[in-house]
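One structure is given below, encoded as structure tokens.
The values are calculated or read from the model by the stated rules, or taken from the named source; none is laboratory data. Bear in mind the structure is a predicted one, so any value in this text is a computation, not a measurement. Cβ coordinates were reconstructed from backbone atoms using ideal geometry, including for glycine residues, and neighbour counts include every protein chain displayed. Quick note on the areas: whole protein, heavy atoms, side chains included, nothing else; ligands and nucleic acids left out. Shrake-Rupley method; radii C 1.70, N 1.55, O 1.52, S 1.80 Å.
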Amino acid sequence: FGCDDPDTLLLRFLRARKWNLLDAALMVIDTLYWHSSFGVGEFLRRGESAVKEYLLTCGKHYAWNVDLKGRLIIWITSKLHDKNKQTLHENLVGLVFLIEHSRRLMAPGTEGVTLIFDVADAPLASLDIPSIQGDIQVLQNYYPECLGRCFIVDAPWIFHGIFRIIKSFLDPVVAAKIELIKSSEIIKFVHPSMVPKRYAGGCDETD
């Protein structure tokens, strides 16, 4: 929690537990225990060596640019995820590493991030329900109110059924932040100069 303003941090827990002081306090205790037992501090000390090399090189997720609300964007390309190339734990370590470093990149006063989740052309090996469920549980339980918006881009018909399963894991407040859109609609939420050229924007991801 070292990068957080204490007042802002506590407000996130209170909002996540509908302003119930006891529930918020229990959530804080659970989060502190998880933070220690999962070894988050150790990951940060070790740096990239704590993460499986495949997760650092496959390019499936990275933090880059901001949306129109000034929120840091995490871009996720589902077709680059292969559930057979990492364990559930290794995948979760990669996610936590990304979250922790993304929090440190956020502009002062910005609480949440925006996820842009591209599921176009994703093979069956990328449709990894256990990993998605584990990711959601960590985000909901230990990083409350960190999600600003989530846009699922160019979802194929098969994903709509999977999305109904995913929504069953979600707090209704979180579910309300998720929207299925076409790639051409990204510029409604992100300035074209901040959108990669592969989505008809004006930004080169190699810059």
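Before moving on, here are some points about what is shown:
- Counting only DSSP H runs of at least 4 residues, each contributing -39500 (n - 2.57), and dividing by the residue count of the chain, the helix-based mean residue ellipticity at 222 nm comes to -12500 deg cm²/dmol.
- Pairs beyond 29 Å (Cα-Cα), from Lys79/Lys188; Lys18/Lys79; Lys18/Lys83; Lys83/Lys188: Lys18/Lys79; Lys18/Lys83; Lys83/Lys188
- Under the Debye formula (equal points on every Cα, no solvent term), log10 I(q)/I(0) of the range 101-160 at q = 0.20, 0.25 Å⁻¹: -0.91, -1.14
- Taken about its Cα centre, the chain carries a charge dipole of roughly 320 debye when the Cβ of each Lys and Arg holds +1 and the Cβ of each Asp and Glu holds -1.
- Rg/Rh (Cα only; Kirkwood hydrodynamic radius) as it applies to the range 1-64: 1.10
- Carbon/sulfur fraction of accessible area - the chain, other protein chains in place, 1.4 Å, %: 59
- Remark on the range 126-172: hydrodynamic radius 11.7 angstrom, per the Kirkwood mean of 1/r across alpha carbon pairs.
- The Cβ shell under 12 Å around Phe97 holds other residues with a net charge of +1, Lys and Arg each +1, Asp and Glu each -1.
- Heavy-atom accessible area order for Lys188, Lys52, largest first, 1.4 Å probe: Lys188, Lys52
- Placing one equal scatterer on every Cα of the range 140-207 and applying the Debye formula, the log10 ratio I(q)/I(0) at q = 0.13, 0.27, 0.29 Å⁻¹ is -0.49, -1.13, -1.20.
- Average projected area [Cα convex hull, the range 37-161], square nanometres: 7.9
- Taken one residue at a time, the phi angles of the range 185-193 give Karplus couplings (6.51, -1.76, 1.60, θ = phi - 60°) of 8, 4, 5, 6, 10, 10, 4, x, 5 Hz. Gly and Pro are set to x.
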